[in-house]
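See below for the structure under consideration.
The values are calculated or read from the model by the stated rules, or taken from the named source; none is laboratory data. The shown structure was predicted, so the numbers you read here are calculated from the model rather than taken from an experiment. Every residue, glycine as well, gets a Cβ built from its backbone with ideal geometry; the counts of neighbours run over all protein chains shown.
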Amino acid sequence: MKENRVVMLYVVGFTSFVISFLSAAINIALPDIATDFSINAVTLSWISMSFLLASAVLLIPFGKISDLFGRKRMFLAGNVIVFITSLLCGLSVSGTVLILMRAFQGIGGAMIYATGMAIITNIFPPEERGKALGINTASVYLGLSVAPVIGGFLTQIWGWRSIFFALLPFELAVIILSVLFLTPDHKKTGWGTFDFKGAIVYMTAISTLILGFSQLPDLHAIVLTAASIFLMGLFICLELLTDSPVMEIGLFKNNRVFAFSNLSAFINYATTFAVSFVLSLYLQYVKGLSPRDTGLLLISQPVLMTIVSSFAGRLSDKHDPRILSSTGMAVIVAGLIMLTFLSESTSTLYISASLIILGIGFGLFSSPNTNAVMGSVSKQHLGIASATLGSMRLTGQMMSLGLATLMIHLFIGEAQITPASHTSFVLCVKWLFIIFGALSILGVFASLARGKKVSG
């Protein structure tokens, strides 16, 4: 039994590695993609945002479906979709096609996000759960670590399409391993228990929120954002009135650890995810670095995340995750403050030091926070808990990219980044990090407010 748990852990971890690699490696290739397809910086951001949007919209419904029908089926289906769309992303003939394929890739990603942590939490006892989740988190960060370097080398030698083609054998291996080693949970409760009305309202609310926020300050974007707030209120009312909600609102109402741990995760990702996107553009456009050298510089953050997260996961089995996570958030604040002093003449050594601090902070935060969330719910809610945490992560990432896109739009408009706009772009980056730093301070207080660990 123990051997099976270990195999399952590494199967899920391997999948986490692949997904994180796909999400991070593409940032290095963005300038080359912009050149190939002649697209501006705002449109360029949608190559990353389309993946995150599709994932964020579908994650909660998929989490509920996995609790109803079984997690292995959804985990396997997600990996198949990621394999097919990776091939199609590499064959894209335009920016529009690439953005569309990335959206479909996000659907597969949502299936994986909704089930991965639930599978691990279900098979490991509470006293080993933090260690297992820490290993899975380390797999995510390992993918992020190697993505800038490998993505930079692939882009420079064979072009950006090779990023997607190179992963196909690994994705195929994940599918085979999933079929062989993941045990089915044999859940068949029927679609009659699924809240279709709530799911539709939720997906519409998240879509309008992200689309609206990403296009501010245009008038139609303000309308979309306001509509999303109304729809989210409607969704909460519907979920409180139904016997089988797509999202367990009661978990937020009655479970302080669950509520504030998820809030902390949202703030954390909302203030950190766009860092690599912005710095990739800064290093290549302003500093004139190649994709390869940019990747080598950016690798410092995820390397530290990988090392620290595994260690922090083990610590969270014995110590209060609240303290560990809050310390991590405080370290993140320090790293973001350092980046507020960025200028056209900032040394790469200073940038690397800032990224190292961010990596340490993120590693301290993520694994203990994940352990707190998954350990605070019963087994019947593991899928929705995994999906909720994933949704907070993806929605936060979307908000982070949306805010970055908004700032770029305000400072340089929809024009491509050129030497003439470097000063404006750097000023944009400085203000973006100021905002991120201020929001992260709120994240420290949210992390502390969760209370003590609940054993699950």
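Values computed for the structure shown
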quantity: Residue list for segment 34-61, filter: more than 16 Å from the chain's Cα centre (by Cα) and either closer than 17 Å to GLY383 by Cβ or surrounded by 22 or more Cβ atoms within 10 Å (Cβ to Cβ) (or both); calculated: ALA41, LEU44, PRO61
quantity: Extreme residue, surrounded by the fewest Cβ atoms within 10 Å (Cβ to Cβ), among residues of segment 339-363 that are aromatic (Phe, Trp, Tyr) and farther than 30 Å from PRO321 by Cα; calculated: PHE341
quantity: Residue match in segment 395-402 (condition: more than 24 Å from ILE39 (Cα to Cα) and either touching a residue at least 60 places away in the same chain (Cβ under 8 Å) or touching a Leu at 6+ places or on another chain (Cβ under 9 Å) (or both)); calculated: yes
quantity: Residues located in segment 364-378, provided they are of a type outside the set (S, T, N, Q), in a helix (DSSP H, G or I) and touching a Gly at 6+ places or on another chain (Cβ under 8 Å); calculated: LEU364, PHE365, PRO368, MET374
quantity: Which numbered condition ILE135 misses (of (1) within 22 Å of TRP160 (Cβ to Cβ); (2) part of a helix (DSSP H, G or I); (3) at pLDDT 80 or above); calculated: (1)
quantity: Segment 131-157, residues that are within 17 Å of LEU298 (Cα to Cα) and not hydrophobic (A, V, I, L, M, F, W, C); calculated: TYR141, GLY143, SER145, PRO148, GLY151, GLY152, THR155, GLN156
quantity: Hey, GLY361 closer than 30 Å to PHE124 by Cβ, in contact (Cβ under 8 Å) with a residue 24 or more places away in the chain and part of a helix (DSSP H, G or I) or not; calculated: yes
quantity: Among the residues listed as VAL57, VAL82, VAL93, the single one being touching a Leu at 6+ places or on another chain (Cβ under 8 Å) and of a type in the set (A, V, I, L, M); calculated: VAL82
quantity: Helices (runs of 4 or more DSSP H) enclosed by segment 206-298 - at least 1 residues per element that are of a type in the set (A, V, I, L, M, F, W, C) and touching a residue at least 60 places away in the same chain (Cβ under 8 Å); calculated: 249-254, 256-272, 274-281, 291-298
quantity: Output for segment 144-167, where each listed residue is at pLDDT below 80 and crowded, with 24+ Cβ neighbours inside 10 Å; calculated: LEU144, SER145, ALA147, PRO148
quantity: Subset of segment 406-434 (residues that are at pLDDT 80 or above, crowded, with 19+ Cβ neighbours inside 10 Å and either outside any helix (DSSP H, G or I) or not aliphatic (A, V, I, L, M) (or both)); calculated: PHE425, CYS428, PHE433
quantity: Odd one out for ASP243, checked against (1) surrounded by 19 or more Cβ atoms within 10 Å (Cβ to Cβ); (2) at pLDDT below 80; (3) not polar (S, T, N, Q); calculated: (1)
quantity: Yes/no for GLY130 being within 19 Å of ASP293 (Cα to Cα) and in the same structural domain as THR294 (by TED's automatic domain parsing); calculated: no
quantity: Residues of segment 1-45 that turn out to be more than 19 Å from VAL174 (Cβ to Cβ) and in contact with an Asp or Glu (Cβ under 9 Å, 6 or more places away or on another chain), as a count; calculated: 4
quantity: Residue count, segment 332-358 (criterion: assigned to a helix (DSSP H, G or I) and in contact (Cβ under 8 Å) with a residue 12 or more places away in the chain); calculated: 18
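Listed here are the residues, each with its yes/no results for (1) among the hydroxyl-bearing types (Ser, Thr, Tyr); (2) under 22 Å from VAL278 (Cβ atoms); (3) in contact (Cβ under 8 Å) with a residue 40 or more places away in the chain.
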position	(1), (2), (3)
THR15	yes, no, yes
ILE26	no, yes, yes
ASP32	no, yes, yes
SER45	yes, yes, yes
LEU53	no, yes, yes
PHE62	no, no, yes
CYS89	no, no, yes
THR96	yes, no, no
GLN105	no, no, yes
